[in-house]
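Everything on this sheet refers to the single structure shown next.
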Amino acid sequence: MPVNQSLFSRCLAFLIFNLAVGYSHAAAKEIVLLSAENSVRHEAFDLRQHISSKVAKQWQVELTTLHGGMQEGCQLLTINNGKLKILIVPNRGMSILRVEDTATGKVVFGWDSPVKEIVNPQFIDLESRGGLGWLHGFNEWMVRCGLEFAGHPGLDVMRSNTGDDKELDLTLHGRIGNIPASELQLQVDEDNPTQLIVRGVIEERMFYGPQLRLVSELIIHANANEFRLKESVHNLSAADQEYQIIYHTNFGKPLLEAGAKVVLPTKKVTPMNQHAADSIETYETYMAPTLGFSEQVYLIEPWYDKNGITGAVLHDRKRQRGALMTWSIESLPYLTLWKNTAALADGYVTGIEPGSGYPFNRRIERHFGRVPVLRTGESQVFDLNYKFLENESAVISAIERIEGIRDGREAEVLSSPPELPDFE
């Protein structure tokens, strides 16, 4: 979590951040695809038309504008490194729609949501259905929850523009996933084009409200079966600000199936409610698609290695393929496991969700001390790595890595949900 800084240190950190917003690697070519500041937007883009043939052999990058239905005007950025194809939605807070295997064209990271189109945020009413409007656009493999608040809808006490404390309704999972990126650029070194960076900036601001900036960098290497997200949240206000963030990472078929398993270095696991408590003994395994299934959510405190890294593996029943996620515990100390093994048509999916806290309403999270604060000029970095495990050997190796973090330590498994405060 952020540490206290002197005035000099805070000013220096703010200066470094502003330099970072416009930084340029000495040999890197920067291509601006979108800029609110300069009123730039490419309706269509093909990297091969802007770079040398040497780079074009390593990368295929295309930006397209979608039309029809609720996706009208949304853009889709497709990154192909020869191994993986990553589809990013700048309009939806730089969410990642899905990841495909370029050899087979099949989805490796993603799920089949009842929401079929990439919904333009202009068609989303976050307050609909009692604050559940976020679900009208929910179909991404990875979508961020936050930044001012995340978690369940409900009342929280907030300072109003008149200086009084009053209860206001918070909507499900905040606004960041429905805010279009203000800046979008590519960075690639034409002399050594083995690395490509996709950089986006999302502003969550309002008068008498949050002044938060998310800077997102997706870093990927040519012909690699993994990629990295290095991101930061910045407090641009003159006052301290709370923030919350959850990396809602969702998997369906082909990884999710009857007998699939998630391997976690669990230190402590707590069911979120009694329905989840009834199945606590099998929280790491999955059922086949089941009509009428009600979600089960487990709150996990993970062990971590000597470098402060923790992780998770999700693999299919036969351990033939899987996904490895790793992240820094310093800024993402909590993990939510969401199991929604409903019928295929209704969204057969599980979520592995590192976060600054759990998905209770912010009022509850604050009560338990899980709402971090950024002082003026401060920022917090988040560092996550995702790897596609394409065969049994890779799956076993990843499981061994997670088991190494656990190091034989037993998990504390609670059979009852936490006792929540009554704010009435």
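The values are calculated or read from the model by the stated rules, or taken from the named source; none is laboratory data. What you are looking at is a predicted structure, and each value in this text was computed from that prediction instead of being measured. Positions of Cβ are backbone-derived with ideal geometry, glycine not excepted, and every protein chain shown enters the neighbour counts.
Listed residues 404, 377; which is over 18 Å from residue 337 (Cα atoms) and in contact with a Cys (Cβ under 9 Å, 6 or more places away or on another chain)?
377
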Revision key, fill the gap. Counting only residues that are assigned to a loop (DSSP other than H, G, I, E, B) and at pLDDT below 95, region 171-205 contains a total of 5
Review point. Quick check: is even one residue across region 82-89 of a type outside the set (D, E, K, R) and without any contact (Cβ under 8 Å) to a residue 40 or more places away in the chain?
Key: yes
Revision key, fill the gap. Residue hits (region 319-343; closer than 23 Å to residue 139 by Cβ and of a type in the set (D, E, K, R)) are 321, 339
Exercise for review: With the condition kept exactly as written, say whether any residue in region 121-128 is surrounded by 20 or more Cβ atoms within 10 Å (Cβ to Cβ), modelled with pLDDT of 95 or more and closer than 23 Å to residue 335 by Cα.
Suggested key: no
Point to revise | Cross-chain or 6+ apart pairs with Cβ under 6 Å, region 137-151 first and more than 24 Å from residue 363 (Cα to Cα), then among the small types (Gly, Ala, Ser) | key: 139/113; 140/95; 141/110
Revision key, fill the gap. Those residues of region 370-417 which are at positive phi and among the acidic types (Asp, Glu) amount to 407
**Study point:** Verdict on residue 282 being modelled with pLDDT of 95 or more, over 18 Å from the mean Cα position of the chain (by Cα), β-branched (Val, Ile, Thr) and within 23 Å of residue 328 (Cα to Cα)
**Key:** no
Study note, to complete from the structure: When region 206-231 is checked residue by residue, the ones that are assigned to a loop (DSSP other than H, G, I, E, B) and either among the charged types (D, E, K, R) or in contact with a strand residue (DSSP E or B) (Cβ under 7 Å, 6 or more places away or on another chain) (or both) are 210, 225
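Restricting attention to region 291-302, which residues are in contact (Cβ under 8 Å) with a residue 24 or more places away in the chain and either under 23 Å from the mean Cα position of the chain (by Cα) or surrounded by fewer than 15 Cβ atoms within 10 Å (Cβ to Cβ) (or both)? Walk me through how you get there before you give the answer.
Initially, region 291-302 is screened for residues in contact (Cβ under 8 Å) with a residue 24 or more places away in the chain, giving 291-293, 295-302.
Matches in region 291-302: 291, 292, 295, 296, 297, 298, 299, 300, 301, 302.
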